[in-house]
Each structure stands twice: as structure tokens, then as C-alpha cells.
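Enquirer: The structure follows.
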Amino acid sequence: MRWSARVGLSGAALAAAVVVPAALWRGPEAALAGIVGAAVALSAQAGAVLLLRPGMGAGTPEFVSRWALGMAVRGASFLVVALLLFLVKDRLPVIWMAAGYLVVLVPLLFVETRFLK
């Protein structure tokens with residue numbers, strides 16, 4: 001299975017762990033908020049892995065620069081979520097958006113090496 005499919009399936013499973021309880025507990029608005037947060041996190045993680053993969057066999061300077069770019073992508077995704085939380089705070093439950101973001105990004109970050117092989 002390709003790395004992109006593994007990242008996508010893993011992210012979708014993690015997103016479901018937030019979206020399903022959100023939908024059951026708070027309804028469709030909470031589920032949508034969880035989906036938005038999870039989508040931002042999944043996009044950031046996929047982008048970071050996409051940047052890092054070509055540098056895996058390269059020398060240290062290129063590897064470190066690609067790793068730093070991946071971290072910058074994740075940092076930018078945090079700013080995107082923070083902006084979204086501010087913009088939609090009256091329409092969507094922000095706690096579910098934050099949960100969707102964190103529940104997807106953090107585990108994927110820790111298992112990132114599995115997607116780099």
C-alpha cells in the first residue's frame with residue numbers, strides 16, 4: 001500500500017474517533033467541527049511527509065532542511081486552526097475542532113516513520 005493511502009486511512013480512522021462521538025453527543029455541528037480540525041491536521045501531516053520523503057536518502061543538510069519545512073507546515077496548520085477557531089466560534093463548537101486537529105495530528109506525528117519507508 002502506498003504511503004499516501006496509509007496516511008489517509010490512518011487519519012480517517014483517527015478522525016472517526018472524534019467525529020462519531022461528537023455527532024452522538026453534540027450533533028452535526030460538532031461532527032463538522034471535528035471533520036474540519038481533522039482535515040487540517042491530515043493535510044498538514046501528508047504535506048510534511050511529502051516534503052520529507054525525498055530527503056530520506058540525502059545528506060544531513062538536505063534532510064534537516066526538509067524536516068524543518070515539514071515542521072513549518074505543521075506550525076502553519078496550527079495557525080490555520082487557531083484562525084478557524086476564532087472565525088467560527090459562534091457557529092461550530094471549538095472544542096470539537098481542536099479535538100479533531102489534535103487527535104489526528106499527534107498520533108500521526110509519532111508514527112510518521114512508518115510512512116517514510
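Enquirer: Roughly what angle does helix 94-110 make with the longest principal axis of the chain, taking Cα atoms, 0 to 90 degrees, to the nearest 10?
Expert: 20
Enquirer: Further, regarding this structure: What ³J(HN,Hα) values, in whole Hz, does the Karplus curve 6.51 cos²θ - 1.76 cosθ + 1.60 give for segment 40-48 when θ = phi - 60°, with x put for Gly and Pro?
Expert: 3J(HN,Hα) across segment 40-48, in whole Hz: 5, 5, 5, 5, 5, 5, 4, x, 5.
Enquirer: Could you work out the mean projected area of the convex hull around the alpha carbons of the chain, in square nanometres to one decimal?
Expert: Numbers: hull surface 27.7 nm².
The Cα convex hull of the chain, projected and averaged over all directions, gives 6.9 nm².
Enquirer: Suppose each label sits 7 Å from its Cα in the direction of the beta carbon; what would the Leu83-Phe110 distance come out to in nanometres?
Expert: About 3.0 nm separates the two model spin labels.
Enquirer: Can you work out the accessible area per residue across segment 39-93, with the rest of the protein chains kept in place, probe 1.4 Å, in square angstrom? All intermediate terms of the calculation are to be shown ahead of the outcome.
Expert: Details: 3210 Å² over 55 residues.
For segment 39-93, the per-residue accessible area is 58 Å².
Enquirer: Relative contact order (percent) for segment 16-67, with alpha-carbon contacts under 8 angstrom and 6 or more residues of separation?
Expert: On the way: 26 pairs, mean separation 11.2, N = 52.
22 percent.
Enquirer: Let me ask another. Divide by every residue of the chain the summed helix terms, -39500 (n - 2.57) for each DSSP H run of at least 4, and state the resulting mean residue ellipticity at 222 nm, rounded to the nearest 500 deg cm²/dmol. Each step should come with its number before you reach the end.
Expert: Numbers: 5 runs with 98 residues, N = 117.
It comes out at -28500 deg cm²/dmol, rounded to the nearest 500.
Enquirer: Nearest 0.05, what FRET efficiency do Glu62 and Val20 give at R0 = 35 Å with Cβ-Cβ as r?
Expert: Details: r = 41 Å, r/R0 = 1.17.
Efficiency, from the Cβ-Cβ distance: 0.30.
Enquirer: While we're on this one: Any chance you could give the angle, 0 to 90 degrees and rounded to 10, that helix 3-26 forms with the longest Cα principal axis of the chain?
Expert: 20
Enquirer: On to the next question. Got the relative contact order for segment 27-115 handy, in percent, Cα pairs under 8 Å and 6 or more residues apart? Numbers along the way, then the final one.
Expert: Details: 94 pairs, mean separation 45.1, N = 89.
Computed over segment 27-115, the figure is 51 percent.
Enquirer: Measure nothing fancy, just the Cα-based angle from helix 60-87's long axis to the longest principal axis of the chain, in degrees from 0 to 90, nearest 10.
Expert: Once rounded, one gets 10 degrees.
The values are calculated or read from the model by the stated rules, or taken from the named source; none is laboratory data. Please read all numbers here as calculations on a predicted model, not as lab measurements. Virtual Cβ from ideal backbone geometry, glycine too; neighbours counted across all protein chains shown. With ligands, DNA and RNA removed, areas are computed over all heavy atoms of the protein, side chains included. Shrake-Rupley method; radii C 1.70, N 1.55, O 1.52, S 1.80 Å.
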